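The block underneath contains the structure these notes are about, expressed in structure tokens.
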Protein chains: 2
Amino acid sequence: MTIVKKTYKDQVVDHIYQMLLSDGLQPGDQVKESLLSVQMGISRAPIREALKELMMSGLIDYRPQVGNFVPVLTPKQIIDSYTTRGILEGYAVMAVSEAFSADDMDRLDHYVDDMGEAACQQQYKRVVDVGGDFHDFMTAKNNNMQLIEFTSRLSLKLHVLFYKHWGLLYSPQEIEQRHRAIVDSIRAQDKPVIEQVIRAHYVETGTKIAAVQIAQSETAA
Amino acid sequence: MTIVKKTYKDQVVDHIYQMLLSDGLQPGDQVKESLLSVQMGISRAPIREALKELMMSGLIDYRPQVGNFVPVLTPKQIIDSYTTRGILEGYAVMAVSEAFSADDMDRLDHYVDDMGEAACQQQYKRVVDVGGDFHDFMTAKNNNMQLIEFTSRLSLKLHVLFYKHWGLLYSPQEIEQRHRAIVDSIRAQDKPVIEQVIRAHYVETGTKIAAVQIAQSETAA
DNA sequence: CGGGTGTCTAATGTCGACAATCGACGCTGG
DNA sequence: CCAGCGTCGATTGTCGACATTAGACACCCG
């Protein structure tokens, strides 16, 4: 078994993740310590630890003396977060672009093929998964731990908060085209272009998600 | 009174800050919850909250089931952190470079003058303070909250961990010259150069601090 | 003499109860 | 009817005690 042992805190973190990924917790909901402690059969102490951790990941909005809430992000905040991810990932890839071998490039191409295929078949979960692998593989060569820490934290936040929307954003052609552009820029070894392409990719993704968000809130109203 | 300490947790955070800024806590030291709780006359609960917060700021290195330690950073980690700060701040300034008015540029020049003067008089604390104001003013126009969050977190971490070394790095001429180069690049409105100059500034600063760190450890050995 | 094992200790992890605080509601007075 | 104020309930903040675990040290066995 791969899982050896987990502290209660980590179980709580996972539990809340799942609540966020499913519709168990919606933006704006309050996450009450005592309720969770009853539901999970443990005391409030590990709950608080977990909430503190999630708060620092940006997955929980904490207001002192009031409570913990599922964040309600404005369109600007969404775009800002994606923009920032583009800055970090753009640099991470650009800085080590010469480290990509021919095999690496083939692998990246393969990822893009997979994504396009999955998108055509409307297998949105697979698009997301392969897309994650694609980005992980691209950034894995950069070993700047500080950069990795920020990137993965932000990545997790965006993943959890917007997992539900990831099927609606791009047409299969767009998905394939956008990611192919990134691969091509790496192959061309043009560092400024690499950085700019990746930044643009995330800015546009953020803008689209913000638009979806707006559309949904208007439908609800 | 401008600031009212509300919770014990915040007091503990401040207390540990001071311990880190002075020599009360040295890299590698373990920060024991029970000891602090006795010293401050409070229970371990708020101590744990504070340590959790400091851990997420990168000021405390936490090992599960073992304890909390003052981080011992390798030269690479130091350089990586400064590099990352350069990435974030470089983008933050570059993205809004057109927003700087003539008055703003005068103000930036004034900061640089002050820093050079303070450095000549070996008033290192003033150099650090004015330098902080300089960077704050430059980045203040960018209202990307995600970017600001990462930048200020990283800034705080670097400030606390390396406050002691900030007098030894540059000659007065170098200090003035380096910051003037940044101001000039903004004045020239050349975005790629702005980003590159700020990045280079931080990479070099990180490299120097790492070198100082190595020299000190060798002296101690 | 060296490797492995058992115990012991000091630190973190968790618990249930109590205190302090914020926000909501209803009351009062104009 | 509305504005201001006081009370109340629910939730977070803090507490002291107990459980659990990583690491150190001594011991045993080959």
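The values are calculated or read from the model by the stated rules, or taken from the named source; none is laboratory data. No experiment lies behind these values; they were computed from the predicted model shown. Quick reminder, even Gly has a Cβ in these numbers, built from the backbone with ideal geometry, and neighbours come from all protein chains shown. Side chains are part of the model used for accessible areas, which takes the heavy atoms of the whole protein and leaves out ligands, DNA and RNA. Shrake-Rupley method; radii C 1.70, N 1.55, O 1.52, S 1.80 Å.
How big a patch of accessible area, both sides summed and in Å² to the nearest 100, lies buried between B and A at a 1.4 Å probe?
Values: alone 12160 and 12130 Å², together 21710 Å².
So the buried area, both faces added, is about 2600 Å².
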Quiz item: Measuring from a point 7 Å out along Cα→Cβ, what nm distances, shortest first, does B:Gln26 have to its partners in the other copies?
Solution: 5.7
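Ratio to report: Rg/Rh of the protein assembly as shown, with Cα atoms as the point set and Rh obtained by the Kirkwood method; give two decimals.
Values: Rg = 23.4 Å, Rh = 24.0 Å.
Result: Rg/Rh = 0.97.
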Quiz item: Can you give the extra length, in nm with one decimal, that the chain gains between A:Tyr163 and A:Asp190 once fully stretched, where that is 0.36 nm per residue apart less the Cα-Cα distance?
Solution: 6.5 nm
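Could you work out the percent of alpha carbon pairs in the range B:8-69 separated by over 15 Å, rounded to a whole number?
44 percent
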Quiz item: Within chain B, what is the number of lysine pairs with alpha carbons under 16 Å apart, leaving out pairs fewer than eight places apart on the same chain?
Solution: 9
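Please compute the average number of Cβ atoms from other chains found within 10 Å of each residue's Cβ in peptide A:143-154. Don't jump to the answer; show the numbers that get you there.
Values: counts 2, 8, 6, 14, 6, 2, 6, 8, 1, 0, 2, 3.
Mean shielding by partner chains, rounded to a whole number: 5.
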Quiz prompt | chain A: relative contact order as a whole-number percent, Cα under 8 Å and 6+ apart | solution = 28 percent
Quiz prompt | For A:Val72, inter-copy label distances in nm, listed shortest first [label point 7 Å out on the Cα-Cβ vector] | solution = 4.9
Quiz item: Looking at the range A:88-188 from every direction and averaging, what is the projected area of its Cα convex hull in nm²?
Solution: 6.0 nm²
Quiz prompt | Distance from the range A:30-69 to the range A:109-184 (C-alpha centre basis), Å | solution = 30 Å
Quiz prompt | Shape metrics for chain B, restricted to C-alpha atoms - Rg then Dmax, Å | solution = 19.0, 57
Practice problem: Assuming R0 = 60 Å, can you tell me the calculated FRET efficiency for the pair A:Ser43 and B:Asp106, based on Cβ-Cβ distance, to the nearest 0.05? | Solution: 0.55
Quiz item: Can you give the accessible area of A:His201 in Å² (nearest 10), computed on protein heavy atoms with a 1.4 Å probe?
Solution: 10 Å²
Quiz item: When the accessible area of chain A is computed with all protein chains present and a 1.4 Å probe, what percentage of it is carbon and sulfur?
Solution: 55 percent
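Need one value for B:40-52: mean number of C-beta atoms belonging to other chains within 10 Å of its residues' C-beta atoms.
Values: counts 0, 0, 0, 0, 0, 2, 0, 0, 4, 3, 0, 0, 6.
Whole-number average of other-chain Cβ neighbours for B:40-52 is 1.
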Exercise. Taking each label point as 7 Å beyond Cα in the direction of the beta carbon, state the distances from B:Ile42 to the same residue in the other copies, shortest first, in nm.
Key: 2.4
Practice problem: Counting only C-alpha contacts under 8 Å and six or more residues apart, can you give the relative contact order of the range A:1-115 as a whole percent? | Solution: 22 percent
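Per residue, what accessible area does the protein assembly as shown have, given a 1.4 Å probe and all protein chains present, in Å²?
On the way: 21710 Å² over 442 residues.
That works out to 49 Å² for each residue.
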